Each structure stands twice: as C-alpha cells, then as structure tokens.
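Asks: Following this message is one structure expressed as structure tokens.
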Amino acid sequence: MGNSLNPTVNGDSKTQTAGAAAAHPAANNAAAASFAGLTAKLDYLSPADIEQVRLAYRFADEAHLGQMRNSGEPYITHPIAVAAQCAEWKLDAQALMAALLHDALEDCGVTKAELIERFDAPVAELVDGLTKLDKLQFNTREENQAESFRKMLLAMARDVRVILIKLADRSHNMRTLSDMPRSKWGRIASETLEIYAPIAHRLGLNQTYRELQDLSFQHLRPWRYAILSKAVAKARNRRRDLIQKVHKELEASFAAAGMPVRIAGREKTLYSIYKKMDLKHLSFAQVTDIYGFRVLVPTITDCYTALGLLHQLYKPVPGKFKDHIAIAKVNGYQSLHTTLVGPSGVNVEFQMRTEAMHVVAESGVAAHWLYKVNGAQDPSNDRLGTKWLQSLLDIQNETRDAAEFWDHVKVDLFPDAVYVFTPKSRIMALPRGATVVDFAYAIHSNIGDRTMAARINGEQVPLRTELKNGDVVEVVTAPVSTPNPAWLGFVRTGRARSKIRHHLKTLAHVESQELGEKLLVQALRAEGIDNVTHDDPTYDGVWEKLLRFTGNKTRQELLTDIGLGKRIANIVAKRLVHLLMEKGTRPDALLLTRERFTNHDSSTLRAITLDGSENASVQFASCCRPIPGDAILGYLGRGEGLVVHRDECQVAKKLQYKDSERFIGVEWSDEPVRPFETEVVVTVTNGKGVLAKVAASLASAEADIVHIDMGQEGQHDATDLRFIIAIRDHNHLEGVLRALARTSFVLRASRKSAASTF
C-alpha cells in the first residue's frame, strides 16, 4: 500500500513550483511520510475501503497542489493529520475520505457535484456540512460565523461524523496555531474555547475537550500558561514519591482482594487549574486536586467493591463522593468519584470505572465506532449525545435566523447539569439553572405549551423556580393554557426558548392576518367596494395581479403584512379597485358617498373596536398608556402591528406630522375583557410606613400594582412615588385617585400626563 503511493506523491511534488519544491524539500517528504503513517492506522478497514481512502487522498493532494501552510509545509499535511485523528477514533472510510477532502470545496474550487460523481453522495454531504458559506453575503463577520455554525450543527445533527471531523480539524489547527500571525491567536483561541471545546464536552470527547482548552489557554494567556506550566512541573517532581507510594499501596490492596485492576495517573489540565484559581481566588499551593488516579475494573459491581477497598485504605473527605454510574452525566460519562486523604495528609481524587466506561469517558460519541459493546438500538446510546443532536433539528424547525439558532444552542453547551425526577421516577438531565418550564418542554413540547402550574417534591411552586438535584417535578397542564411571553425571561434551554418563540410568532402571525383583513375591508369600503371575497373564482386573476404588484406570495402573507404595518391598506385597496375596474366592477356610489361623509364627519362608525383580547397584533403604547375612556388613535408601525396612543400623546402627534397616512381610527369596546395599565404619580411626605399605606390604598381600590419607582428624593420632605397600575377604565382610575387622596401622608395623586416621560 505504502509503496504504491510513494511514486505518486513524489511525482506530484515535482509538478509544484520550482521555488516551493526547492525551498521545502523536507516538507514534501514529510507529506509522504505522514500519509504512510496514516495507512498504518487503517488496519481496521477492509482492503476495498482502504483503496477508497487512497483515492480520496490522491484527489485531495492534486486539489491542494502548490498550496502551503503558514509553517511552510504542503497544505495536504493538514487533511492527512485530520484523517489520522479520525482514524484514532476508528471512524469509517466515508468519514476518513471526507476528512481528507474537507477543504477541497472551500479552498480549491471543487464542486459538490464533482465530489458526488467521484466519491458518491454520503461523502459529498459530509464535506458540504463542513464547508463555510463563502458564497453567501452577510452583513457582519459574526452573522457569517453564526450561519456557518448553524449549517455545521444541523449537518452534525443528521450525521455526527461531521462534528467529529470538524473537531479533529480544529484540534490540528490549534496544535499549529503558533505558525499563524499572532494577531489571529486571540480570535481563533477564543472561538475554540467558547464553542468547539464545549461541543466536544457535550458529546463526551473528553480527551479532545481537555486538549482544546489547554491549547486555547496557551495562546490566549501565554505568560500565565508558561508560569503555571513551570509550577505544575515543580509540584510533579516534589510529589513523585507520594504518587509512587499511593500507586504501590493501591496495587497491594487490590492484589490482596484478588481483584484485577488497571491503575493510571490523572493530572488536572493547566486550564482547569487556572479556572479553579480564578473562580475561587486560590493560590497555586491551595489547589490540592492536581493529581488523581483512575482505577479501571472489569465490571460495574467491581467499581463499588473498589470504592469500599479504597475507603478502608484511606479516609474519605466528607461530601466529596459522586456516583456518576447510577446517574450518568448528560454526555454519557460514567464513573465513581471519591476524594481521600492520602499519605502526608494530601487529598487525592480517585475515579472508578470499567474499560467500556473509560472509552466513553474519553471518546464520547466516537465510542460508537471504538467500542461497540451495545447494539445500535440500545437505549444507553442516547447518553452519547444523540438526544441533544436530535434537539438541534427540533430547534431549527422553529428558528430560521442563524444568530438566534446559535444563541439557543450555546445555552445547552454549558457542562454543568442538574438531575431531576418525573413522578414516575424517570431521571431527566437539564442545564444548571433550568426551570420548571424547561423541564416541561424537555418532556414534550405539548406539555410545555399547556403548562399551567407545577409542584416540586409535592409543594406548589412558581413556574420560574430553578430545579435542584434530586427534585421530583410534577407539571400541571390545562387544554386552554398557552405559552406566556414572560417565560422567555427565565427559561434556560434552547429547546424551551425556541418552542415558546415559535408559538408566539405563530399566534402573532394569525392575529396580524385577521387585523390586516379588517383594515383592507375598511379601506375598500372607503373606495366604494364591498364584499371582495378571496374564495370567489371570479376574482382569482385580480388577486394574482395584486400579489405581483405587492411582491407577496399568498393572500395570507399580504394580509399579515398589512396587519403588521409593512404595507398601507389604503394603497393596496386603491390598486385592488383599479384592477377590479379593469374587469368591469364599479364602485358603489351610495357606499362611496356614505363612507366619505362619515370620514369627513370624523365619525368612528368604521373604526376598529378594541377590547383587550387582541394580544400580539395590537400594542398599547408605553409612552402614554391608554385606558378605556381615553380618546385614542391607532398607528400602524412598520413591522410592529397596530400601536394605540392617547389622542393627546406628544409621541403620537410627532408621528402624525411625519407619517399621517399610517394612522387609522380605533375605538374602545363597550365591555373590555381585561385590565389596562396606566401610570400615576403620588406625592407623599416622607415617613415610616408610607409606601405600605399607599399600597394598601391601591389594593382597597382594586388596582393591581405592576411596577413601583421610588425615585432618588429620600432625603427631602416630600417624595414622588410612581406606580404603574392595572385598572378597568377611566371611572375606575378616578376612584383610585380619590382613594389615594384620602390617604394620610399623600399630598397629591394624579395620572401621568401623555406629554411627559416617566
């Protein structure tokens, strides 16, 4: 195999530019040697698969011919290194081929169609999932980056090999980052630390996770890295005798018990030491768990037996025992952890696990190829990150914006987790800080959407309550319950956040469409046209022409745009009337006269009626906070839907001056269905218990307090207390103000004027 490839490599190297070949002969030889090293790692593949990998290598070598890395080596050495890492994980031939070809689409002008023709669709799909979106234009680098990650993560959700190749690619880039200009270190290392390392951890790739963290730390904080590296090396020398003594005592103890074990040392990474020192404000001397031991045993029962033997040998540190076998971590990690007081009073951490657990702990999802102890349908495979990968597709279904998608996903990349129970004792793992609503959506989106109340450990709790390890959580649902926009302020998981936003967007879309239909009907009546129904086949051609004029795809989309204020109903109506007249339909003279008369008379007979049930399609302006009984007007903000202002509002008057065509008539319903918020200013004399008395007066007048602003005037004799309260209408407000005026300490109570600011 190696002999058949060498002539090709040497021949290709000769066709490079003379300068490149002369300047880097050793590098060209290294390329051939590197591939020879790769073939030595492919012994687990069949001869046919190895031949396919060889063809991919040749194609990649030709595609990258003449390209050099910053180190001066031929570019092909990078794909070979990435493929070598994938071979360490025992990935299949398709993944190795994609690893060799992963930069061909991006850097060499090779097309996806060409890859499909040469290597079949699965390999081309893997390569495409790894390719950045250079062909699309984005406003900012951040947006470009977010879109690239979205594409990568979605490809990864469909095929986990994509992220394994990507992590191998990033690992090699980080190992050779010192060859890059120093000005790029910060951005690349930060990106690796904030994005790729957490993904590696979330998928259980512990070895890769640790390496990426340390390499990022080395390039972000080179001085601190060097200092800490020297300190660890000194500590290692000082404690060599101690480590050897513990090792011998462990071997003797397990030999006496007749238990076969494999004992390995474990050293904390420099980055984790640095983070611990930084977060807990410790000196290096105060970090006591730099060194530890892993005890690998044959069976799960042996893990617990080994724990007992260790606790007989050394005294355990209280509160430092964790059972990650009974309750595995989110990424599938399993081990028993205990910290013991070793010789000379030094704390030493021990981890007990089986060989199979060790493979999963180090390689995570890659263990699927490395150590196939379970069948493909084994439910324990869910622990290897597959449930999280599937959730990425769920989030994508509700989130089309790349930056928003990435915000959702980043939330789930934090390694800390809490473990809670359903009433039927099923264990659920959620990110630390997750709430009852996150729990509900983790069970099922329908449960989350209909959540009404919750109990933790049998006690009623608010929905925003954060969950703790061991909580038994019960969710109470109701068919009429719907997601509350306020939930977005406290939910922790990307799944919950995307489901809530999707529901609210759908709701707003439907309501905006209904509002748009009302506005268009009203505008058409003003033009003398009535009853233009979309289901009448007579008007099909008219609607098609109108949609071409507006640029909308469907009638529903056009009505939604009108309801959101993106299109003016009057302009659309005039165009529609023109099209109808072309077909012979004439305005009704009687209707036209009546509508013009009522408009001239400024009557509100045709105004939109508001009762408070409009939800997302109608907003009540916070600058003036109108309530039933106020004279009001409506403004169709661009993309905001209908915004209702008080007639005397200064903000509305400025908008009328600039955008008069966007104002429409609105009026209050005779029976509003909910309270409305308004602002009152209460001037009080300073004294003990004043706020309590004012709040009691508001409560007795049946006004709910939404917000209080105390101001900064506590040192003066009098203070203005500013309240936002929920009331029924103008009459209710008058009663509230009278109740406040009768309260002792209150000098004056009034509603905030529409001309002032809060």
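Listed here are the residues, each with its yes/no results for (1) outside the structural domain of E544 (by TED's automatic domain parsing); (2) surrounded by 14 or more Cβ atoms within 10 Å (Cβ to Cβ); (3) modelled with pLDDT of 85 or more; (4) charged (D, E, K, R).
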| residue | (1), (2), (3), (4) |
| --- | --- |
| L580 | no, yes, no, no |
| L591 | no, yes, no, no |
| N599 | no, no, no, no |
| L633 | no, yes, yes, no |
| R638 | no, no, no, yes |
| L642 | no, yes, no, no |
| R646 | no, yes, yes, yes |
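Asks: Looking only at residues that are crowded, with 19+ Cβ neighbours inside 10 Å and among the polar types (S, T, N, Q) in segment 202-227, which one is farthest from E88 (Cα to Cα)?
Replies: Q218
Table: residues versus (1) surrounded by fewer than 17 Cβ atoms within 10 Å (Cβ to Cβ); (2) within 30 Å of N469 (Cβ to Cβ); (3) touching an Asp or Glu at 6+ places or on another chain (Cβ under 6 Å).
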residue	(1), (2), (3)
S229	yes, no, no
V232	no, no, no
K245	yes, no, no
F254	no, no, no
I290	no, yes, no
C303	no, yes, no
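Asks: Just one of (1) more than 27 Å from D561 (Cβ to Cβ); (2) in contact with a Leu (Cβ under 8 Å, 6 or more places away or on another chain) trips up E679, so point out which.
Replies: Result: E679 passes all but (2).
Asks: Residue by residue through segment 650-700, note down the ones that are of a type in the set (V, I, T) and either within 15 Å of V736 (Cα to Cα) or in contact with a His (Cβ under 7 Å, 6 or more places away or on another chain) (or both).
Replies: V651, T678, V680, V681, V682, T683, V694
Asks: Follow-up question, since we're still on this one. So which residues in segment 321-357 are without any contact (Cβ under 8 Å) to a residue 24 or more places away in the chain, aliphatic (A, V, I, L, M) and outside any helix (DSSP H, G or I), if there are any at all?
Replies: Just the residues of segment 321-357 that are without any contact (Cβ under 8 Å) to a residue 24 or more places away in the chain, to begin with: 321-324, 326, 337, 345, 356.
Restricting the remaining residues to those that are aliphatic (A, V, I, L, M) gives 326, 356.
Passing the criteria: only A326.
Asks: Is segment 630-643 home to any residue that is free of Cβ contacts under 8 Å to residues at least 24 places away in the same chain, outside any strand (DSSP E or B) and closer than 16 Å to H730 by Cβ?
Replies: Yes: one or more hits.
Asks: For segment 96-123, enumerate the residues that are outside any helix (DSSP H, G or I) and under 17 Å from P79 (Cα atoms).
Replies: H102, D103, C108, G109, V110
Asks: Okay, next question. Any idea how many residues of segment 520-550 are at pLDDT 70 or above and not in a helix (DSSP H, G or I)? Reasoning before the result, please.
Replies: Just the residues of segment 520-550 that are at pLDDT 70 or above, to begin with: 520-530, 541-550.
When the remaining residues are screened for being not in a helix (DSSP H, G or I), the result is 527-530.
Summing the residues that are at pLDDT 70 or above and not in a helix (DSSP H, G or I) in segment 520-550 gives 4.
Asks: Within segment 226-261, which residues are in contact (Cβ under 8 Å) with a residue 12 or more places away in the chain, of a type in the set (A, V, I, L, M), part of a helix (DSSP H, G or I) and within 30 Å of I300 (Cα to Cα)?
Replies: Step one: of segment 226-261, the residues in contact (Cβ under 8 Å) with a residue 12 or more places away in the chain are 228-229, 231-232, 235-236, 239, 242-243, 245-247, 249-251, 253-254, 257, 259-261.
So of that shortlist, the ones also of a type in the set (A, V, I, L, M) come out as 228, 231-232, 235, 242-243, 246, 250, 257, 259, 261.
Filter once more, keeping what is part of a helix (DSSP H, G or I): 228, 231-232, 235, 242-243, 246, 250.
Passing the criteria: L242, I243, V246, L250.
Asks: Considering only segment 686-708, state which residues are free of Cβ contacts under 8 Å to residues at least 12 places away in the same chain, more than 26 Å from N731 (Cβ to Cβ) and of a type in the set (A, V, I, L, M, F, W, C).
Replies: Listed by number, the list holds a single entry, A692.
Asks: Please go through segment 260-284 and pick out each residue that is exposed (fewer than 13 other Cβ atoms within 10 Å of the Cβ) and over 20 Å from R239 (Cα atoms).
Replies: Listed by number, the residues that qualify are P260, R262, D278, L279, K280, H281.
Asks: Going through segment 652-685 one residue at a time, which ones are touching a residue at least 40 places away in the same chain (Cβ under 8 Å) and aromatic (F, W, Y)?
Replies: W668, F676
Asks: What are the residues in segment 277-311 that are without any contact (Cβ under 8 Å) to a residue 12 or more places away in the chain and outside any loop (DSSP other than H, G, I, E, B), if any?
Replies: Selection gives M277, D278, L279, K280, A285, Q286, T301, G308.
Asks: Would you mind listing the strands (runs of 3 or more DSSP E) fully within segment 680-758 where at least 2 residues are modelled with pLDDT under 90 and surrounded by 15 or more Cβ atoms within 10 Å (Cβ to Cβ)?
Replies: Qualifying strands (runs of 3 or more DSSP E): 718-727.
Asks: Which residues, counting only those in segment 465-519, are part of a helix (DSSP H, G or I), in contact with a helix residue (DSSP H, G or I) (Cβ under 7 Å, 6 or more places away or on another chain) and basic (K, R)?
Replies: Selection gives R495, R497, K499, R501.
Asks: For residues in segment 33-71 being more than 12 Å from F119 (Cα to Cα) and among the hydroxyl-bearing types (S, T, Y), which is surrounded by the fewest Cβ atoms within 10 Å (Cβ to Cβ)?
Replies: This residue is S46.
Asks: What number of residues within segment 191-201 satisfy the criterion of being under 22 Å from A361 (Cα atoms) and surrounded by fewer than 21 Cβ atoms within 10 Å (Cβ to Cβ)? Outline the logic, then answer.
Replies: Of all residues in segment 191-201, those under 22 Å from A361 (Cα atoms) come to 192-201.
From what is left, the residues that are surrounded by fewer than 21 Cβ atoms within 10 Å (Cβ to Cβ) are 193-195, 198.
Selection size over segment 191-201: 4.
Asks: So the check is Cβ under 7 Å with 6+ separation or different chains; which pairs have a first residue in segment 90-110 that's at positive phi and a second one that's modelled with pLDDT under 85?
Replies: Going by the 7 Å Cβ cut-off, the qualifying pairs are K90/Y44; K90/W369; K90/L370.
The values are calculated or read from the model by the stated rules, or taken from the named source; none is laboratory data. Since the model is a prediction, treat every value here as computed from it, not as a measurement. Cβ: placed from backbone, ideal geometry, glycine included. Neighbour counts: every protein chain shown.
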